[in-house]
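Structure first, commentary second.
Each value in this text was obtained by applying a stated rule to the coordinates, not by laboratory testing. On a predicted model such as this, the values are computed, not experimentally measured, just so you know. Here Cβ is always computed from backbone atoms with ideal geometry, including for glycine, and neighbour counts include all displayed protein chains.
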Amino acid sequence: MINGAVGEVIVIPAYNEGKTIFEVLTKTKKFAQKIVVVDDGSRDNTSLEAERAGVIVLRHEVNLGKGAALKTGCDYAAQQEAQTIITMDADGQHDPKEIPSFASALEQHDIAFGSRKKPKAMPAVFKLGNLVLTTTLRLLYGVTVEDSQCGYRGFRSEIYGYIRWDATDYYVETEMAIRAGKKKLKHTTIPIETIYADKYKGTTVLDGVMIVVKMIGWKIWR
C-alpha cells in the first residue's frame, strides 16, 4: 500500500453466474488484494454467492451489458485509488494463478492484454473470428493485440481515463485496445491458459460482425 492506496483490484463482471462465481472467487482470493464483483442484473443467486465469498459486490438492478458492468467496477476501483486494475470473467474460463503475471507486467507497461493460447480444443470458429478481429484492429488502428476479445487484462489506474470506454456490450475489449493505441500507451501481451466450457457465453459470430462494423465506423466518423 502506498499513501493509503490499494495495490491490485480485480474487477469481475457477472451475469447469472451463481453456479461458478463462488469457486472462482475462492481461487482468486489467493492471488488478489481486493476483489470487486459487479452483478449485472442477474436473475439467479450470483450476488448472494459473491457475498458469501466475502468480496465487494456492486449490483445493477437490470442487465446493462458487460461493458457497463466493467465500467462500474473499474470506476469504483479508481475511486478507491487502486494502483492497478485487473479484469477477469466470472465463468471460470480464466485461471487466477495468472494474476501475478499481469501484476508483474504492469510494473513496466501501462496495459497488459491476455492472449488465450490456441489449444486443439479451441473451436475453429473462435480461431477464425479472433483472426478477423485482430487483423482489422491492426489494419485500421495500427494496434497489435494478439487476442482482442480476451477479457483477462490489466492496466495501471493512472491511465484509466485514457481508455475509459463508452461500449456497454462485448465491444468493450476492442474499444479499450483502440483507445490504448490512439494514446500510444505502452502495452504487452500475457499468454494465458483458458478453459472452454461446454456452454459458450462470450462473443458470438453476430457479435463479431457487429464489432468489425463498429471498428470501421469509428475509423470513419471519429
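Annotations
- Residues with amide H under 5 Å from that of Gly114, placed H, sequence gap 5 or more: Tyr152, Arg153, Gly154, Ile190
- Considering only alpha-carbon pairs that sit under 8 angstrom and 6 or more positions apart, the relative contact order computed for the chain is 22 percent.
- Rounded to the nearest 20, the Cβ-based charge dipole of the chain about its Cα centre (Lys and Arg +1, Asp and Glu -1) stands at 700 debye.
- Derived scalar couplings between HN and Hα for the stretch 18-31 equal x, 7, 10, 5, 5, 5, 4, 5, 4, 6, 5, 4, 5, 10 Hz in order, rounded to whole Hz, by the Karplus curve 6.51 cos²θ - 1.76 cosθ + 1.60 (θ = phi - 60°), x for Gly and Pro.
- Residue separation of Glu51 and Thr168 scaled by 0.36 nm, minus their Cα-Cα distance, works out to 39.7 nm of gained length.
- Think of the stretch 8-221 as having a plus end and a minus end, set by charges on the Cβ of Lys, Arg, Asp and Glu; of Ile99, Ala112, Gly67, Ala112 sits farthest toward the positive end of this dipole.
- Taking Tyr15, Tyr170, Tyr141 as the candidate residues, the one with maximal mean-square fluctuation in a Gaussian network model of the chain, Cα springs under 10 Å, is Tyr141.
- Annotation note: trypsin sites (Lys or Arg not before Pro) in the stretch 6-98 located in DSSP loop regions with a Cβ neighbour count of at most 11 within 10 Å are Lys30, Arg43.
- Put a dot 7 Å past the Cα of Met210, heading toward its Cβ, do the same for Arg222, and the two dots end up 1.6 nm apart.
- Taking amide hydrogens as placed 1.01 Å from N in the peptide plane, the amide H of Leu64 sits under 5 Å from that of no residue at least 5 positions away in sequence or on another chain.
- Gain in span if fully extended, Lys97 to Glu23, counting 0.36 nm per residue against the direct Cα distance: 25.3 nm
- Antiparallel bridges, percent of DSSP beta bridges restricted to the chain (to nearest 5): 30 percent
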